[in-house]
DNA sequence: CAAGGTAGGTGTACGGCGTACACCTGTCAA
DNA sequence: TTGACAGGTGTACGCCGTACACCTACCTTG
């Protein structure tokens with residue numbers, strides 16, 4: 001039996017197994033407590049063993065990002081550009097919600113991984129081929145969509161981000177807005193309590209991140225569609241027309 | 001003379017001096033090489049001395065962020081909401097361009113600092129008071145603007161971001177797009193070469209980040225203005241109207 | 001089947017990090 | 001004069017990433 005455990009333990013390491021274990025560890029313990037040593041321990045192996053499969057910790061992170069990017073659904077092929085882009089982005093968002101550390105990891109890397117480049121590239125392809133966007137407009141659109149292309153907006157300081165840093169779902173309730181802060185930042189307090197009720201006196205249940213994401217996404221998509229229909233080009237002016 | 005140096009060295013530390021030195025160090029060496037030990041060395045002091053002025057490294061980073069936020073101009077008071085918001089955001093952008101490590105630091109912190117909350121709060125105030133936005137719409141707008149409110153979009157993997165990580169201006173040229181990558185990611189290559197020329201065969205000088213930032217900003221602002229004029233509310237539908 | 005190259009796990013060690021904790025010292029109030 | 005206290009010091013601990021030498025089990029080739 002001891003030797004059975006031994007056998008299991010000795011299931012040969014592989015880059016893939018290392019990456020999967022790293023993703024699992026980050027998912028449950030948060031990215032900041034992912035260390036080569038802990039990862040090795042999870043795999044029943046000595047830390048240096050990992051270096052036979054990944055060059056260093058940075059490359060490990062790149063690999064983890066690629067695992068997540070690999071979970072994004074391929075584009076559907078039976079709809080107009082806007083629906084295709086929208087669905088793909090929402091799929092990316094789902095992948096990133098499953099791995100709340102990923103936005104931070106992606107932002108922190110200093111080089112786009114090939115998987116991310118491939119994803120972005122196919123997104124441009126959709127704009128060009130299905131939407132008939134000029135390279136010019138497609139270029140600006142990619143910038144305008146920014147991180148939303150990768151399934152997250154800059155949801156600064158929200159629960160998901162915090163989870164990515166310190167582990168999975170935090171038991172403490174969202175709780176609207178601390179009273180002391182409400183006094184100092186009344187406008188923020190009003191907003192926090194107003195999720196989708198216009199009555200500021202109602203202390204709402206926080207806000208629906210998914211709704212906010214789609215709101216901004218559609219705002220951009222609609223604006224972009226308008227530019228596209230007008231045949232907008234950066235030659236004619238320095239700002240998008242109203 | 002040696003005692004003069006000594007005197008200078010012994011200029012008493014203060015939270016302010018510590019924060020300034022930390023900002024300077026991050027500006028010139030990159031955020032990732034900011035350590036308590038190096039910072040102490042720059043200040044001619046032993047590492048533990050810093051802990052008499054900041055509780056720990058996280059609080060140091062919060063303080064550094066507040067220094068940057070403090071550089072954002074106050075709102076002008078003689079224009080419509082859109083111009084006020086636009087100018088303030090561009091001022092925030094300038095502050096962040098002076099400190100390329102700041103976006104990373106801001107994204108990485110898990111709590112908004114009071115300075116950032118104050119900044120965001122005043123931004124909501126502008127929307128409410130000058131633009132007559134409902135709390136509801138103001139709420140969604142804050143989400144939609146996302147990190148743009150703080151002067152940066154998610155400019156993934158660009159030079160400024162890299163600078164924030166590894167020090168100041170990198171001497172190597174932007175260089176369009178590496179040839180091998182161009183083959184693998186043709187759409188990206190086309191875009192990279194097409195900055196503001198629609199002719200994809202022209203290999204442009206990279207792209208104008210400032211233009212891209214303002215493009216996206218105005219796209220959002222225009223879309224938001226349209227919603228405002230229509231008296232949009234989330235009660236009537238789940239998406240912004242086209 | 002023997003020889004030896006090679007892929008992959010091991011052990012040790014180094015330098016750097018954040019920071020706890022005990023200590024010292026100069027200043028100022030009582 | 002005393003003694004509290006603010007603020008700089010020194011030492012030490014446990015963590016980190018990873019360089020480097022090693023060992024071992026397997027596969028190829030003669």
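Derivation of every value follows stated rules applied to the coordinates shown; laboratory data play no part. Everything quoted here is computed from the prediction, not taken from an experiment. As a convention, Cβ positions derive from the backbone with ideal geometry for all residues, glycine included, and neighbour counts pool all protein chains shown.
Taking the Cα-to-Cβ direction at residue B:17 and at residue A:98 and moving 7 Å from each Cα, how far apart do the two end points lie in nm?
Label at residue B:17, label at residue A:98, 5.4 nm between them.
Taking a label point 7 Å out from Cα toward Cβ, give me the nm distances from residue B:44 to the same spot in the other copies, shortest first, one decimal.
Spacings between copies for this position, smallest first, are 5.9 nm.
Starting with the highest mean, order B:39-49, B:101-111 by the number of other Cβ atoms within 10 Å, averaged over the residues of each peptide.
The peptides rank, most packed first, as B:101-111, B:39-49.
Between residue A:35 and residue B:183, what is the FRET efficiency for a Förster distance of 41 Å, r being their Cβ-Cβ separation, to the nearest 0.05?
Working from the Cβ atoms, E equals 0.65.
Among B:125-132, B:78-85, B:18-25, A:70-77, what's the highest-first ranking by average C-beta atoms within 10 angstrom per residue?
Descending packing order for the listed peptides: B:18-25, B:125-132, B:78-85, A:70-77.
Rounded to whole angstrom, how close does the nearest chain B beta-carbon get to the axis mapping B onto A, and which residue is it?
B:223, 2
What is the order of B:145, A:142, fewest Cβ neighbours within 10 Å to most?
Fewest-to-most ranking of B:145, A:142: A:142, B:145.
For residue A:231, place a label point 7 Å out from Cα along the Cα→Cβ vector, do the same in each other copy, and report the separations in nm, one decimal, smallest first.
3.7
For residue B:76 paired with residue B:230, estimate the spin-label separation in nm (one decimal), with each label point 7 Å from Cα along the Cα-to-Cβ line.
2.9
7 Å along Cα→Cβ for the label point: how many nanometres lie between residue B:118 and each equivalent label in the other copies, listed shortest first?
4.8
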